[in-house]
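The values are calculated or read from the model by the stated rules, or taken from the named source; none is laboratory data. From a predicted model like this one, the values you see are computed outputs, not experimental measurements. Backbone-built Cβ (ideal geometry, glycine too); neighbour counts: all protein chains shown.
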Amino acid sequence: MEFEPPLIEVFKNLCKTSSENDHVAELINSSRSKSYELPLVDLGRLNSGQLMQQKECEKEIIEASKEWGFFQVVNHGICEEMLMELHEEQVKLFRQPFNKKSSQNPSNSPIGSYRWGNLAAKSPAQFSWSEAFHIPVSSVSDFAGLNHLSSTVEEYTKLISKLSQKIAEILADNIGICKSSYQKLLGDKVVPSSCYLRMNRYPPIPEFHSEVCGLVAHTDTSYLTILHQNKTGGLEMKKDGMWISVKPNPDALVINIGDLFQVLSNGFYKSVTHRVLTNSKTERFSVAYLSCPTTDTVIRSLSEHSIYRDFSFGEFKSQVQLDVKYTGNKIGLPGFLR
């Protein structure tokens with residue numbers, strides 16, 4: 001089909017040039033695990049007008065963030081109709097011919113940069129069976145010729161940004177960062193030009209390539225990430241050294257801690273490694289909102305004994321890009337320890 005990226009061809013070439021191919025399936029299959037329900041938080045209590053219910057909700061958010069780094073939320077303020085419309089417009093976006101999608105980059109495209117497969121992969125284990133659009137929130141309203149997608153995504157990002165801000169304030173307050181300090185450290189620097197959406201599509205994979213990840217294991221380069229996914233499973237997170245398969249909940253959004261909040265909290269909240277497994281029969285779609293600061297923002301912990309050195313967000317992103325380019329993997333926070 002003309003909209004499919006040439007994943008098979010590139011993967012075959014990697015297999016020919018890599019000595020790791022025989023171990024990829026063993027690496028993935030040996031670490032498969034049972035499905036689990038993530039902690040589920042009903043956010044409706046935050047606006048109930050009942051102080052006790054509000055405090056219980058905040059406590060559940062904090063405990064899930066500390067113990068899991070991942071949790072799900074319902075009654076999040078985004079209606080089912082909007083999520084369905086977002087999905088429909090996302091499908092249309094990915095159904096464009098591959099040649100048209102691959103010609104788009106941030107300098108000439110109204111819909112952000114298009115990426116597929118991880119072309120920096122050095123081995124089959126680093127290859128991702130997926131494609132994605134990275135869309136800066138600031139450019140959503142500038143979509144040329146995609147007015148319906150523009151209006152849908154614009155409204156969605158307004159709501160999801162407010163949700164991200166609210167969750168971040170609750171988590172920051174718990175570690176002693178008052179609202180004014182939080183806004184100085186994070187809030188004033190999280191602006192539309194720095195946050196972005198990652199629209200993901202995971203094509204069905206041939207049975208003989210089933211050892212490939214849809215998205216390789218990684219942590220998120222963000223403060224918080226909020227994910228909307230369809231009913232097709234595949235998301236896995238690592239907990240206590242084991243992979244846990246996350247059951248999809250069509251009524252919930254998934255929220256996870258990113259690298260920057262781990263630094264801000266001096267490791268109290270953890271940015272958890274996660275991945276997406278492939279499916280041989282059904283394509284999977286998801287939309288991730290990543291809350292990020294401006295590139296000049298200095299990322300630091302308020303702790304007197306910070307385990308991380310201070311660094312700018314621009315420096316962190318540049319190092320991640322270099323790591324992926326030369327090693328095929330993201331190294332991330334371990335490279336910024338004191």
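Listed values, structure above:
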| read-out | value |
| --- | --- |
| Residue satisfying all of: in the stretch 277-287; at pLDDT 90 or above and surrounded by fewer than 21 Cβ atoms within 10 Å (Cβ to Cβ); nearest to GLY176 (Cα to Cα) among these | PHE285 |
| Per-region count, the stretch 213-269, residues touching a Gly at 6+ places or on another chain (Cβ under 6 Å), under 17 Å from VAL41 (Cβ atoms) and part of a loop (DSSP other than H, G, I, E, B) | 1 |
| Selection count where residues are within 30 Å of GLU88 (Cα to Cα) and polar (S, T, N, Q), scope the stretch 286-338 | 2 |
| Matching residues, the stretch 44-63, being touching a residue at least 60 places away in the same chain (Cβ under 8 Å) and within 22 Å of the chain's Cα centre (by Cα) | ILE61, ILE62 |
| Some residue of the stretch 67-88 being among the charged types (D, E, K, R) and farther than 28 Å from GLU283 by Cβ | yes |
| Every pair of residues 6+ apart whose Cβ atoms lie under 6 Å, when the first sits in the stretch 246-262 and is over 14 Å from GLU67 (Cα atoms) and surrounded by fewer than 21 Cβ atoms within 10 Å (Cβ to Cβ) while the second is of a type in the set (Lys, Arg) and at pLDDT below 95 | PRO248/LYS231; PRO250/LYS231 |
| Residue match in the stretch 116-129 (condition: surrounded by fewer than 18 Cβ atoms within 10 Å (Cβ to Cβ) and without any contact (Cβ under 8 Å) to a residue 60 or more places away in the chain) | no |
| Residue within the stretch 103-112 that is out of contact with any Cys (no Cβ under 7 Å at 6 or more places or on another chain), modelled with pLDDT of 80 or more, part of a loop (DSSP other than H, G, I, E, B) and over 30 Å from THR327 (Cα atoms) present | no |
| Flag for ILE299 being more than 15 Å from the chain's Cα centre (by Cα) and aliphatic (A, V, I, L, M) | yes |
| Whichever residue in the stretch 33-65 is touching a Lys or Arg at 6+ places or on another chain (Cβ under 8 Å) and outside any loop (DSSP other than H, G, I, E, B) and, among such residues, is surrounded by the fewest Cβ atoms within 10 Å (Cβ to Cβ) | SER35 |
| Failed item, numbered, when ILE205 is tested on (1) modelled with pLDDT under 90; (2) buried (at least 19 other Cβ atoms within 10 Å of the Cβ); (3) in contact with a strand residue (DSSP E or B) (Cβ under 7 Å, 6 or more places away or on another chain) | (3) |
| Residue that is surrounded by the most Cβ atoms within 10 Å (Cβ to Cβ) [pool: residues in the stretch 166-196 that are closer than 30 Å to LEU277 by Cα, at pLDDT below 90 and in contact with a Ser or Thr (Cβ under 8 Å, 6 or more places away or on another chain)] | CYS195 |
| Number of the exception - PHE94 against (1) farther than 19 Å from LEU215 by Cβ; (2) surrounded by 15 or more Cβ atoms within 10 Å (Cβ to Cβ); (3) out of contact with any Gly (no Cβ under 9 Å at 6 or more places or on another chain) | (1) |
